[in-house]
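A quick write-up on the structure given underneath.
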Amino acid sequence: MIRKIDTQVIIVGAGPAGAAASIFLSKAGIQHLILEKEQFPRDKVCGDACGGKTTFVLRKADQQWMQQIFEQSTQYLPTHGALFFSPDGKSLSIPFSRKNVLPGQAAGFTTPRITFDNFLFEKLASPFSTVHQNVSLQRIDRTSEGFAKATFIENSEQIEATCRLIIGADGDKSFVRKTFLNSDTSSKAYCVALRAYYKGVTELHHENYLELHCLPEVVPGYFWIFPLPNGMANVGIGMLSEQVRKKKLNLREVMLNAINHNPHIKHRFTHATLLDKIQGWGLPMFIKEEPVSGDNFMLAGDAANLVDPFTGEGIGNALYSGMLAAEAAGNAFRENTFDGNFFGKNYDKKLFGKLGTELKTSAFLQRLCRYPWFLKFVVNKAYKSPTLNHAIEGMFVGINLRKELLKPSFYGKILLNR
Ligand SMILES: Cc1cc2nc3c(=O)[nH]c(=O)nc-3n(C[C@H](O)[C@H](O)[C@H](O)COP(=O)(O)OP(=O)(O)OC[C@H]3O[C@@H](n4cnc5c(N)ncnc54)[C@H](O)[C@@H]3O)c2cc1C
């Protein structure tokens, strides 16, 4: 016996993209189901660093949430900048801009994803949302009457939910993407990354700066040390999959080698303890603008390949795209239109209008960063050029600042040390 449910929207995945979609759908009074295959609180392998776009969306959702976050100092650590290390170990300090940051708050924060995702998950309860956890999604179909249907199993019961619209927020191996989009465009920009939790790493920055180390063996990826609350640190390494394959690298060995032998890093781990096993996950990086919606569906977050190819940031883009998907859903219900043409204009165009330039610039920078000499040049120049320093800062916290990198005048200013 199959139980049948009717709703307006189905969101697949309750990570940041799905949570943002749900929160903004609830604000618009749109009934929806959230289908999640795990049970919250659940872990997600990540660097655990949240920047300007995350705080922007959270503030739009509720003015109080950032305050709630910063009040819990044992769970969330405010971060005020980044330290960027060139392949020869020279560092560049980049304080985050305080523009749009409320007094007493920081531009960014770190927290284990198990904590942050559960914070968002607990905000989903509303008269308009129904959460189904631990589900096994069986299939997704479109009906000839212009509806979409998700068939799933929950507690051994088979359920068929019918809706006008599915939001695929189900991460890098998205079932929704595979069902609706046949193209597999992510292989070349796919990045593999490892995460480890350590306690006792020394010489962390007094304002909790995020450390990005461009080790010669890893570029255009990087090794990172991100301070976390309670004296912990998120330590990891990320690299393009094609490079890992080509160089026949064992990423775990590369990471442990950096920790145990790199002259700029090893002394900081002398008394550090690994708290959990080292875990890996993929990052579907943006390469170029491609459709992320169609008849009866939109994709958000990693399902739409929105990870920034230069910084590796994906949480902010997941939240932002989830928010825009909910806005497009509101327009669709107002106009009673759910076709691909409508979502192309109301979602893809707005999404890439907001994020496209910075993602394209990041893809360009990632290609340049394959060359260690370029990174050394950037760090040396940034000491002398306020324009470059400002642009690097914008990469980590800004939404529009990266546009500057596409202007020829930008490079003229750098060469003149302005
Ligand atoms: C090692 C590493 C380090 C990173 N570091 C950072 C960082 O420091 N800062 C940053 O901003 N980003 C970072 N990222 C990227 C970031 O983790 C992702 O971009 C972000 O999690 C995307 O959010 P999402 O909601 O799209 O997907 P996810 O967070 O992956 O959430 C997807 C949800 O969908 C559920 N799901 C999947 N399949 C199904 C299904 N079939 N049915 C139902 N539910 C399903 C999953 O259980 C999950 O809860 C990192 C990524 C990695 C791998």
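The values are calculated or read from the model by the stated rules, or taken from the named source; none is laboratory data. Just so you know, these numbers come straight off a predicted model, no measurement behind them. Here the Cβ is made from the backbone with ideal geometry for all residues, glycine too, and neighbour counts use every protein chain on show. Only protein heavy atoms, including side chains, enter the accessible area calculation; ligands, DNA and RNA are left aside. Shrake-Rupley method; radii C 1.70, N 1.55, O 1.52, S 1.80 Å.
Trp224 meets each of the listed conditions (1) open to solvent by 10 Å² or more (accessible area, probe 1.4 Å); (2) of a type in the set (A, V, I, L, M, F, W, C); (3) in contact with a helix residue (DSSP H, G or I) (Cβ under 8 Å, 6 or more places away or on another chain) apart from (3). Of the residues making up segment 1-28, those that are open to solvent by less than 30 Å² (accessible area, probe 1.4 Å), over 17 Å from Pro41 (Cα atoms) and in a loop (DSSP other than H, G, I, E, B) number 1.
Taking first residues from segment 15-31 that are among the hydroxyl-bearing types (Ser, Thr, Tyr) and partners that are within 16 Å of the ligand (Cβ to nearest atom), the Cβ contacts under 7 Å between residues at least 6 apart in sequence or on separate chains come to Ser22/Ile11; Ser22/His32; Ser22/Ile34; Ser22/Leu124; Ser22/Ser129; Ser26/Ser129.
If the condition is being under 23 Å from Asn234 (Cβ atoms) and either in a strand (DSSP E or B) or among the charged types (D, E, K, R) (or both), then segment 114-142 contributes Asp117, Glu122. For segment 193-211, the criterion of a residue being in a helix (DSSP H, G or I) and surrounded by fewer than 19 Cβ atoms within 10 Å (Cβ to Cβ) is satisfied by no position. Scanning segment 163-182 for residues that are touching a helix residue (DSSP H, G or I) at 6+ places or on another chain (Cβ under 9 Å) and more than 13 Å from the ligand (Cβ to nearest atom) returns Arg164, Leu165. The single condition among (1) more than 29 Å from Phe175 (Cβ to Cβ); (2) open to solvent by 30 Å² or more (accessible area, probe 1.4 Å); (3) in contact (Cβ under 8 Å) with a residue 24 or more places away in the chain that Leu83 does not satisfy is (2). Per the listing Gly200, Gly221, the residue uniquely more than 16 Å from the ligand (Cβ to nearest atom) and within 30 Å of Lys90 (Cα to Cα) is Gly200. Residues considered: Gly316, Gly282, Gly312, Gly236. Of these, the only one that is touching a Ser or Thr at 6+ places or on another chain (Cβ under 7 Å) and either in contact (Cβ under 8 Å) with a residue 24 or more places away in the chain or over 30 Å from Ala28 (Cα atoms) (or both) is Gly316. The residues of segment 120-138 that are closer than 29 Å to Gln279 by Cα and open to solvent by 20 Å² or more (accessible area, probe 1.4 Å), listed by number, are Phe121, Glu122, Lys123, Val131, Gln133, Asn134, Ser136, Leu137, Gln138. With respect to Leu25, is the statement that it is touching a His at 6+ places or on another chain (Cβ under 8 Å), closer than 23 Å to Ala304 by Cα and near the ligand (Cβ under 9 Å from one of its atoms) true? Against the criterion (touching a His at 6+ places or on another chain (Cβ under 8 Å), closer than 23 Å to Ala304 by Cα and near the ligand (Cβ under 9 Å from one of its atoms)), Leu25 does not qualify.
You will find that of His267, His271, the residue that is open to solvent by 20 Å² or more (accessible area, probe 1.4 Å), away from the ligand (no atom under 12 Å from the Cβ), part of a helix (DSSP H, G or I) and not aliphatic (A, V, I, L, M) is His267 and no other. Scan segment 227-262 for residues that are assigned to a loop (DSSP other than H, G, I, E, B), modelled with pLDDT of 95 or more and open to solvent by 70 Å² or more (accessible area, probe 1.4 Å) and the total you get is 2.
For segment 288-311, the candidate set comprises residues that are within 11 Å of the ligand (Cβ to nearest atom) and in a strand (DSSP E or B); within that set, the residue that is farthest from Arg142 (Cα to Cα) is Val307.
Suppose we filter Gly51, Gly47, Gly13 for residues that are within 7 Å of the ligand (Cβ to nearest atom) and modelled with pLDDT under 95; which single one remains?
Unique residue meeting the criteria: Gly51.
Count of segment 212-226 residues, restricted to those that are modelled with pLDDT of 95 or more and assigned to a loop (DSSP other than H, G, I, E, B), is 0.
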